[in-house]
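K.L.:
Structure incoming, see below.
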């Protein structure tokens with residue numbers, strides 16, 4: 001008895017089960033990440049950093065910064081602030097400002113300490129996510145630093161100092177608010193202010209460094 | 001089939017606890033003491049009992065291991081309200097209440113001490129900076145300078161105080177064999193919170209009145225020091241009176257030393273310095289050229305001048321200021337000014353304030369340099385030398401007029 005009924009009389013039918021398209025796709029993916037042009041890799045990272053900057057400036061959606069953390073943005077911001085704020089090296093013009101390394105240490109160590117505090121209080125956020133958020137929220141402070149630097153071009157008097165003060169205050173408040181939006185939910189409400197205060201202190205110190213920078 | 005209820009007696013219908021309440025004759029309390037024996041229940045039972053027993057001695061010691069994260073989490077087991085209370089009552093000694101028992105005892109924490117120390121570091125750094133800026137702010141040329149190295153110094157001294165002194169006190173108490181046990185953690189907590197009063201005090205120290213600063217420097221350590229001493233006192237009560245009082249005095253002294261150190265290091269010196277700067281460079285010398293050459297020269301010369309001329313003269317400010325102002329009246333002509341100078345230089349020798357006449361004459365001297373072409377050679381050397389003795393300036397003035 002034949003085990004195969006062949007009503008149409010086609011004969012033996014055979015073929016491949018695997019779809020040729022699928023095999024080609026995985027190969028294409030490997031091509032994308034390993035062999036893609038360098039410009040694309042950089043652009044992808046830059047786009048990620050840019051989206052995160054956008055979310056810091058308009059902190060409505062909370063997940064954007066937390067889901068995929070990266071530390072490029074904090075590095076760029078920290079280097080920029082440290083370069084701008086460091087004191088002069090000339091001996092006769094010692095203005096008592098911090099060194100480049102001191103600013104770096106303050107930012108990174110400060111972010112680490114604030115994160116450790118959040119975790120010790122029982123927060124549910126991971127270490128690098130928190131450092132990422134704190135670093136990205138330096139962006140408003142950075143913008144206020146740029147504005148202050150522009151204001152410093154003019155000859156200084158009381159009014160301009162007041163203007164710089166206001167600009168720095170706005171940057172500080174914005175940074176603290178943005179960080180609170182992202183990090184606030186990770187704490188039970190009875191300890192929320194305990195977790196927020198270190199963030200406040202961290203941005204306060206950075207803002208003080210920014211407003212104090214006045215060598216023209 | 002006939003259904004019949006079998007009579008088991010009254011006891012069956014009465015539940016164990018309610019037997020008495022219902023007033024039943026046959027009371028019977030049924031104690032459930034035998035559990036159905038199944039293998040799983042036994043294991044669970046043992047596990048629960050086993051864990052319970054094991055947990056108690058473990059939690060009495062430092063429960064989780066030193067190397068895990070949870071070990072440190074137990075030091076941060078506080079609520080916001082608790083921290084607020086602890087800060088508030090560390091500053092205000094409440095009469096009938098032991099600060100330790102009421103506020104710290106259930107769970108001493110390290111959150112407060114750490115963040116208060118850090119806040120205090122930056123508060124003293126920033127407000128000290130502000131104070132020196134405000135004290136010298138009458139000068140138009142004074143720019144905001146910040147002193148970052150003061151912050152690092154503040155950090156080391158505050159953290160050293162907050163960690164080493166409690167360690168020392170705990171060591172002393174342990175050595176004396178005190179019965180009322182204060183643990184090291186509680187001492188660290190108390191000391192940390194006792195520093196909280198210095199944060200608002202350092203903000204108030206910006207006010208440039210010396211008597212106000214001294215008031216604060218006395219009141220603040222007295223308040224928080226009294227809370228400290230009252231907290232430590234019960235552990236000392238079994239000791240001899242002298243030792244107890246001695247330790248209490250040492251605690252208070254250390255606290256007061258810290259306060260004084262802050263005040264003197266961060267908030268005093270710029271005032272003393274700026275007095276020299278402000279007085280001669282008076283706003284009524286509203287010539288643009290006078291302040292700029294004066295300001296860099298004036299500070300180093302001032303102490304020199306004081307050294308030399310103070311020995312000779314009695315400073316009398318009342319006389320000095322009007323003549324100085326008259327001397328630098330911008331409406332006065334060059335020649336007139338110089339003649340006035342000749343006249344008043346003798347009175348200057350006798351009665352003027354040490355700083356103002358010399359500076360004024362110096363300013364006038366530098367004035368004569370651009371206006372009178374003939375004596376440029378004598379004038380520049382005259383300017384620095386004139387500073388040292390007043391008599392010489394008289395000669396130079398005579399020379400320049402002739």
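All of the numbers you see were taken from the coordinates with simple rules; none came from a lab. Treat the numbers as computed from the prediction; the structure is a model and nothing was measured. Ideal geometry is used to build each Cβ from the backbone, glycine not excepted, and the neighbour counts take in all protein chains shown.
K.L.:
If R0 is 45 Å, what FRET efficiency do you get for residue A:193 and residue A:38 from their C-beta distance, rounded to 0.05?
P.N.:
0.45
K.L.:
Additional query: Using a Förster radius of 22 Å, what is the FRET efficiency between residue B:74 and residue A:113 based on their Cβ-Cβ separation? Nearest 0.05, please.
P.N.:
Here the calculated transfer efficiency is 0.70.
K.L.:
Oh, and also: For residue B:81 and residue B:149 in the same chain, what is the full-extension length gain: residue separation times 0.36 nm, less their Cα-Cα distance, in nm?
P.N.:
Length difference between fully extended and current span is 21.0 nm.
K.L.:
Using the count of nearby Cβ atoms within 10 Å as a rough guide to exposure, how do B:68, B:119 rank from fewest to most?
P.N.:
Fewest-to-most Cβ neighbours within 10 Å comes out as B:68, B:119.
K.L.:
I've got another one for you. If packing is taken as the average number of other Cβ atoms within 10 Å across a peptide's residues, how do B:240-248, A:142-150 rank, most packed first?
P.N.:
A:142-150, B:240-248
K.L.:
Among B:152, B:121, rank each residue by its count of other Cβ atoms within 10 Å, from fewest to most, as a rough exposure measure.
P.N.:
In increasing order of surrounding Cβ atoms, one gets B:152, B:121.
K.L.:
While we're looking at this one, here's another question. Could you work out the relative contact order of segment A:42-178, using alpha carbon pairs under 8 angstrom and six or more residues apart, expressed as a whole percent?
P.N.:
In percent, rounded to a whole number, it is 28.
K.L.:
Translational diffusion coefficient of segment A:102-159 at 10 °C, 1.306 mPa s, Stokes-Einstein with Kirkwood Rh over Cα pairs, in µm²/s as a whole number.
P.N.:
Translational D for this selection: 118 µm²/s.
K.L.:
Given the convex hull over the Cα atoms of segment B:74-217, what projected area results after averaging over all orientations, in nm²?
P.N.:
The Cα convex hull of segment B:74-217, projected and averaged over all directions, gives 10.8 nm².
K.L.:
Also, I was wondering about something else. Across the residues of A:202-208, average count of Cβ atoms on other protein chains within 10 Å?
P.N.:
2
K.L.:
Under a point spin-label approximation (7 Å from Cα along Cα-to-Cβ), what is the residue B:207-residue B:238 distance to one decimal in nm?
P.N.:
For residue B:207 paired with residue B:238, the spin-label model returns 4.6 nm.
K.L.:
Same structure, new question: In nm, give the distance between the simple-model label positions of residue A:76 and residue B:105, each being 7 Å from the Cα along the Cα-to-Cβ direction.
P.N.:
In this crude label model, residue A:76 to residue B:105 measures out at 5.7 nm.
K.L.:
What order do you get for B:111, B:265, A:58 when you list them from fewest to most C-beta neighbours inside 10 Å?
P.N.:
The order, fewest Cβ neighbours first, is A:58, B:265, B:111.
K.L.:
Once label points are set 7 Å from the Cα along Cα→Cβ at both residue B:226 and residue A:47, what is their separation, rounded to one decimal in nm?
P.N.:
Reported label-point gap for residue B:226 and residue A:47 is 6.8 nm.
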